[in-house]
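Worksheet: the structure to be examined is printed underneath.
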Amino acid sequence: MKNRLLLAPLVAVALLAAAVIAAPTAAAASKACSASKLVVWAGEEPGGGAAGSVFYRVEFTNLSSSTCTLFGFPTVSAVGLTGKRIGAPATHAPSKKVKAVKLAQGQTATAQLQIVEALNYPTDKCKPTWAAGLRIGIPGGSGSKVAPLAFQACALTGSQVLSVGAINATVTVS
């Protein structure tokens, strides 16, 4: 009995030491990406049209020398030439399980963006306005970038034209 009482604190100390040693490694491996280390752009998906909307692939490419992680949904808003937001930000599209995507130098992850044709809405509910680009927030990271893309958005926030999916698979760039 006496040996068990002496053994329990030693096991606890060993477990605590293992956790302290492993913690910096786990934190370093899961460092979130920041906008300053990424190139962000949007391009039309091949065959990406649907009745009244177009699908785009938003790409996040890591240009830094260290690996970083993206997680969740990017924030996306239409913006004018001055960078001011137009209308409502993107809603989250239904998605499979959201998972973290690690990006090494030169690797790219994507999210799918749907832009509904603003002219599908009554003018008095939408107020169609030309957007000059998309302000895209880094999913699970920090900062945002503007990707140039001209399209008609709804200036009134009651009409939803943007919907974005979760970040997904890494595409290796050669």
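Search the stretch 146-165 for residues being touching a Lys or Arg at 6+ places or on another chain (Cβ under 8 Å) and over 10 Å from LEU134 (Cβ atoms), and hand back the single one that is surrounded by the most Cβ atoms within 10 Å (Cβ to Cβ). The residue in question is CYS154.
Would you pick out the residues in the stretch 106-139 that are of a type outside the set (D, E, K, R), part of a strand (DSSP E or B) and over 20 Å from LYS31 (Cα atoms)? Passing the criteria: GLN112, LEU113, GLN114, ILE115, VAL116, PRO128, THR129, TRP130, ALA131, ALA132, GLY133, LEU134. Return a yes/no flag: does the stretch 78-90 have any residue that is free of Cβ contacts under 8 Å to residues at least 24 places away in the same chain and assigned by TED's automatic domain parsing to the domain that holds LEU149. Taking every residue of the stretch 78-90 in turn, at least one turns out to be free of Cβ contacts under 8 Å to residues at least 24 places away in the same chain and assigned by TED's automatic domain parsing to the domain that holds LEU149.
Taking the criterion of being more than 15 Å from GLY140 (Cα to Cα), out of contact with any Pro (no Cβ under 9 Å at 6 or more places or on another chain) and not acidic (Asp, Glu), the residues of the stretch 109-128 that qualify are GLN112, GLN114, ILE115, VAL116, ASN120, PRO122, THR123, LYS125, CYS126, LYS127, PRO128. Scanning the stretch 29-40 for residues being surrounded by fewer than 17 Cβ atoms within 10 Å (Cβ to Cβ) and in a strand (DSSP E or B) gives a total of 3.
When LYS31 is tested against (1) touching a His at 6+ places or on another chain (Cβ under 9 Å); (2) more than 29 Å from ALA155 (Cα to Cα), just one condition goes unmet, and that condition is (1).
Look at LYS125 and say whether it is among the basic types (Lys, Arg) and over 24 Å from the mean Cα position of the chain (by Cα). Answer is yes for this residue. On the stretch given as the stretch 92-103, residues that are touching a strand residue (DSSP E or B) at 6+ places or on another chain (Cβ under 7 Å) and surrounded by fewer than 17 Cβ atoms within 10 Å (Cβ to Cβ) total 3.
The values are calculated or read from the model by the stated rules, or taken from the named source; none is laboratory data. Fair warning: this is a prediction, and the values are worked out from it, not measured in the lab. Using ideal geometry, Cβ is built from the backbone for each residue, glycine included, and neighbour counts are taken over all protein chains shown.
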